[in-house]
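The values are calculated or read from the model by the stated rules, or taken from the named source; none is laboratory data. Bear in mind that the values here come from a model prediction, so they are computed numbers and not experimental data. No Cβ is skipped: glycine too gets one built from the backbone with ideal geometry, and neighbour counts run over all protein chains shown.
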Amino acid sequence: MVEKYISYFAHQPLACITVFSTLLPLAFICYRKAGVDPSFRLLLIFLIFKISTDIIMLHYATFRWNNIIYYNVGIPVRYVLLSGMFYYKFESKILRKWILNIMIVFLIFSVWDIVSVNPDILDLHGHRMVAYATTLESLLMLFWILIYFYETIRSLKIPNLLSFPFFWICSGLLLFYASFAFVAPFLTYVFKWENWLNIGFVSYVPYVFEIVTNIFLCIGVSFFSPRYYAEH
Amino acid sequence: MAFFVILFVMFYQKRQLHQEKKLREIEKDHQRKLLDTALNSEENERRRIAQDLHDDIGTMLSLTKLSLNQLSKLVAESDIKEDQIMRKSQSLVEETILHVRRITRDLVPTTLERFGLAAAIEEFINKLEEDNNLRLSFRANTEDAPRQSQKVELTIYRIMQELVNNSIKHSKCSQIEINLQVNSKFIGLIVTDNGIGFDPEMIKENNLAGLGLLGIESRLAIVDGTIAYEKPKSGGCRAFAQIPVVHASGNKPEPLHPFRRERMTI
């Protein structure tokens, strides 16, 4: 059994490093006690959820079982938790209301997408990736990130962006979703459990950007100070 | 593209902040200039009123006194009643002359201009001790220090006046201690009283600062000074004002003097 894991690690080192790179920001959040901030608490929940599903998916992949259902289920959860961070960061009530409304719409849409792509939802072996939900999620997240950047520039409340934790979090997410937005439309056609299409280096792009994102998350959390948070 | 967006946000925000900071500095500078002009106008107006009182009313009153003296010699030979009225008139004129002198001195601290801060503060507390049932003490280390610019000296003097007047008016104190310390960088003024004291934070939070305290802060803002209030454990209040040293340039205002004005030549 251990040999199987070692063999998988040897064949897919980048995918395995990506999975375990999530532990870095998770450890940073716990160490810096960033959970006191509601946004960072959601990030913590997301990272715990992500590492759990990633490990399960890794386990399934090692034993060559279809793990795409976990990926599909993870999309609405990931969007709710990550866009929820912006709910706490935006001061405008209208934007907050829009985040909540779009969250509900996206939840419904992603469930519809999963069901429409997989008419026989109980057929786990033949489960396929969603067609539109990932692309829509990327575009929506990019939209919230850019709105946040716009609000930051407009309000001029942050004297030094480079030492502001959430700026790094947003930058990391921007990199991740910007790279993902290009790959996401093709995922449903490329990554099929049966007839896996080899697209070469492009398939590694999301992994690379995910690692970069985790590094950005670590930088952001390292600037977090519970005392500073309490003062503000 | 994403990297470009991140870099753009970083640089644009930095530039915006820099511009905002510059704008605030310009605004602050403008406010400071306005305040300086207002205070200068006030001092000039005081000087003009004092000059008018001194030159016109003071001179006329002195001449009236001389005339009354001459008249009293003539009246002394006649009726007792008329003599009494004359003496009363003389004392009233004398009293008026004293009042005019006091008002002139209050308007423009001539001792400050001629002899410096320590002498002016001493004169001020001597006058206060005469009029009030107060114990005032004054300590200074300014003997060897060079004279400061007129603006700095006047600021310290006016602040001292305001702080002492506040202590007398509001603190119900029986003792006031004034301490003037000068070193190579700063002039420090400490005014301590043994009254009921006040909580400066509460006054700031509730916008209770009157014109006096605001006036002190405005005057200090012009000369880059600061003020701190504290409540000593022994009770009362202690105010500590600090102003950077600016040595006198030598352009002193002309002291008040009768017949100072230029005579018209026909």
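Out of contact with any Lys or Arg (no Cβ under 9 Å at 6 or more places or on another chain), exposed (fewer than 13 other Cβ atoms within 10 Å of the Cβ) and among the hydrophobic types (A, V, I, L, M, F, W, C): which single residue out of B:Leu98, B:Leu112, B:Leu163, B:Leu136 fits that description? Steps first, answer last, please.
Working: B:Leu112 fails: exposed (fewer than 13 other Cβ atoms within 10 Å of the Cβ); B:Leu163 fails: exposed (fewer than 13 other Cβ atoms within 10 Å of the Cβ); B:Leu136 fails: exposed (fewer than 13 other Cβ atoms within 10 Å of the Cβ).
B:Leu98 is the lone residue from the list that is out of contact with any Lys or Arg (no Cβ under 9 Å at 6 or more places or on another chain), exposed (fewer than 13 other Cβ atoms within 10 Å of the Cβ) and among the hydrophobic types (A, V, I, L, M, F, W, C).
Could we say that B:Leu7 is of a type in the set (A, V, I, L, M, F, W, C) and over 30 Å from A:Ser179 (Cα atoms) here?
On the way: of a type in the set (A, V, I, L, M, F, W, C): yes; over 30 Å from A:Ser179 (Cα atoms): no.
So B:Leu7 fails the test.
What's the number of the only condition in (1) within 30 Å of A:Gly126 (Cα to Cα); (2) assigned to a helix (DSSP H, G or I) that A:Arg64 fails to meet?
Exception for A:Arg64: condition (2).
Restricting to segment B:32-45, count the residues that are farther than 15 Å from B:Gln150 by Cα and in contact (Cβ under 8 Å) with a residue 40 or more places away in the chain.
Residues in segment B:32-45 being farther than 15 Å from B:Gln150 by Cα and in contact (Cβ under 8 Å) with a residue 40 or more places away in the chain: 2 in total.
Conditions (1) more than 14 Å from chain A (Cβ to nearest Cβ); (2) out of contact with any Gly (no Cβ under 7 Å at 6 or more places or on another chain); (3) not hydroxyl-bearing (Ser, Thr, Tyr), marked per residue:
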position	(1), (2), (3)
B:Met1	no, yes, yes
B:Tyr12	no, yes, no
B:Glu27	yes, yes, yes
B:Gln31	yes, yes, yes
B:Gln51	yes, yes, yes
B:Ile57	yes, yes, yes
B:Met60	yes, yes, yes
B:Leu68	yes, yes, yes
B:Leu74	yes, yes, yes
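If you check B:Leu163, B:Leu117, B:Leu128, B:Leu134, which single one turns out to be touching a Phe, Trp or Tyr at 6+ places or on another chain (Cβ under 8 Å) and under 30 Å from B:Ile216 (Cβ atoms)?
Values: B:Leu163 fails: touching a Phe, Trp or Tyr at 6+ places or on another chain (Cβ under 8 Å); B:Leu128 fails: touching a Phe, Trp or Tyr at 6+ places or on another chain (Cβ under 8 Å); B:Leu134 fails: touching a Phe, Trp or Tyr at 6+ places or on another chain (Cβ under 8 Å).
Sole residue among the options that is touching a Phe, Trp or Tyr at 6+ places or on another chain (Cβ under 8 Å) and under 30 Å from B:Ile216 (Cβ atoms): B:Leu117.
What do you reckon, is A:Asn72 touching a residue at least 40 places away in the same chain (Cβ under 8 Å), outside any helix (DSSP H, G or I), among the polar types (S, T, N, Q) and in contact with a His (Cβ under 8 Å, 6 or more places away or on another chain)? Show your work before the answer.
Details: touching a residue at least 40 places away in the same chain (Cβ under 8 Å): yes; outside any helix (DSSP H, G or I): no; among the polar types (S, T, N, Q): yes; in contact with a His (Cβ under 8 Å, 6 or more places away or on another chain): yes.
No; evaluated as a whole, the condition is false for this residue.
Which condition breaks for B:Asp55 when tested against (1) loosely packed, with under 15 Cβ neighbours inside 10 Å; (2) among the charged types (D, E, K, R); (3) under 26 Å from B:Thr111 (Cβ atoms)?
All conditions pass for B:Asp55, except number (1).
I need the full set of residues from segment B:172-196 which are small (Gly, Ala, Ser) and surrounded by fewer than 18 Cβ atoms within 10 Å (Cβ to Cβ), in order please.
Let us first name the residues in segment B:172-196 that are small (Gly, Ala, Ser), namely B:174, B:184, B:188, B:195.
Hits for segment B:172-196 are B:Ser174, B:Ser184, B:Gly188.
Read through the list (1) closer than 26 Å to B:Thr192 by Cβ; (2) in contact (Cβ under 8 Å) with a residue 40 or more places away in the chain; (3) of a type outside the set (Phe, Trp, Tyr), then give the number of the only condition that B:Thr110 fails.
It is condition (1) that B:Thr110 fails.
Looking only at residues in segment B:139-160 that are of a type in the set (Lys, Arg) and out of contact with any helix residue (DSSP H, G or I) (no Cβ under 7 Å at 6 or more places or on another chain), which one is surrounded by the fewest Cβ atoms within 10 Å (Cβ to Cβ)? I'd like the intermediate steps shown before the answer.
Going residue by residue through segment B:139-160, those that are of a type in the set (Lys, Arg) are B:139, B:147, B:151, B:158.
If we keep only those that are out of contact with any helix residue (DSSP H, G or I) (no Cβ under 7 Å at 6 or more places or on another chain) as well, we get B:139, B:147, B:151.
Details: B:Arg139: 11, B:Arg147: 16, B:Lys151: 18.
Of everything passing the filter in segment B:139-160, B:Arg139 is surrounded by the fewest Cβ atoms within 10 Å (Cβ to Cβ).
Can you say whether B:Leu107 is of a type in the set (A, V, I, L, M) and in contact with a Lys or Arg (Cβ under 9 Å, 6 or more places away or on another chain), as far as the supplied structure shows?
On the way: of a type in the set (A, V, I, L, M): yes; in contact with a Lys or Arg (Cβ under 9 Å, 6 or more places away or on another chain): yes.
So B:Leu107 fits the description; yes.
Quickly run through segment A:134-177 and pick out the residues that are at the interface with chain B (Cβ under 10 Å from one of its Cβ atoms), surrounded by fewer than 20 Cβ atoms within 10 Å (Cβ to Cβ) and of a type in the set (A, V, I, L, M).
A:Leu142, A:Leu146, A:Ile153, A:Leu156, A:Ile158, A:Leu162
Kindly provide the set of residues from segment B:118-133 that are under 26 Å from B:Lys185 (Cβ atoms) and either more than 11 Å from the chain's Cα centre (by Cα) or surrounded by fewer than 19 Cβ atoms within 10 Å (Cβ to Cβ) (or both), ordered by number. Quick ask: steps written out before the conclusion?
To start, the set of residues in segment B:118-133 that are under 26 Å from B:Lys185 (Cβ atoms) comprises B:118-122, B:124.
Scanning segment B:118-133 gives B:Ala118, B:Ala119, B:Glu122.
Given the conditions (1) touching a residue at least 24 places away in the same chain (Cβ under 8 Å); (2) of a type in the set (Val, Ile, Thr); (3) more than 21 Å from A:Val212 (Cα to Cα), and given that A:Ile56 satisfies all but one, which numbered condition is not satisfied?
Of the numbered conditions (1) touching a residue at least 24 places away in the same chain (Cβ under 8 Å); (2) of a type in the set (Val, Ile, Thr); (3) more than 21 Å from A:Val212 (Cα to Cα), the odd one out for A:Ile56 is (1).
Pairs, please: C-beta under 8 Å, at least 6 apart or cross-chain, first residue under 19 Å from B:Ser184 (Cβ atoms) and in segment B:138-154, second at pLDDT below 85 and assigned to a strand (DSSP E or B)?
From residues that are under 19 Å from B:Ser184 (Cβ atoms), the pairs are B:Pro146/B:His247; B:Arg147/B:His247; B:Gln148/B:His247; B:Ser149/B:His247.
Somewhere in segment B:18-25, is a residue assigned to a helix (DSSP H, G or I) and either touching a helix residue (DSSP H, G or I) at 6+ places or on another chain (Cβ under 6 Å) or more than 14 Å from chain A (Cβ to nearest Cβ) (or both)? Working first, answer last.
Filtering segment B:18-25 down to residues assigned to a helix (DSSP H, G or I) leaves B:18-25.
With either touching a helix residue (DSSP H, G or I) at 6+ places or on another chain (Cβ under 6 Å) or more than 14 Å from chain A (Cβ to nearest Cβ) (or both) added as a condition, the list becomes B:25.
Scanning segment B:18-25 turns up at least one residue that is assigned to a helix (DSSP H, G or I) and either touching a helix residue (DSSP H, G or I) at 6+ places or on another chain (Cβ under 6 Å) or more than 14 Å from chain A (Cβ to nearest Cβ) (or both).
Could you tell me whether any residue of segment B:2-25 is closer than 30 Å to A:Tyr150 by Cβ and of a type in the set (Asp, Glu)?
Within segment B:2-25, the first condition is being closer than 30 Å to A:Tyr150 by Cβ, and the residues that meet it are B:2-25.
Right, trim to of a type in the set (Asp, Glu) and you get B:20, B:25.
Taking every residue of segment B:2-25 in turn, at least one turns out to be closer than 30 Å to A:Tyr150 by Cβ and of a type in the set (Asp, Glu).
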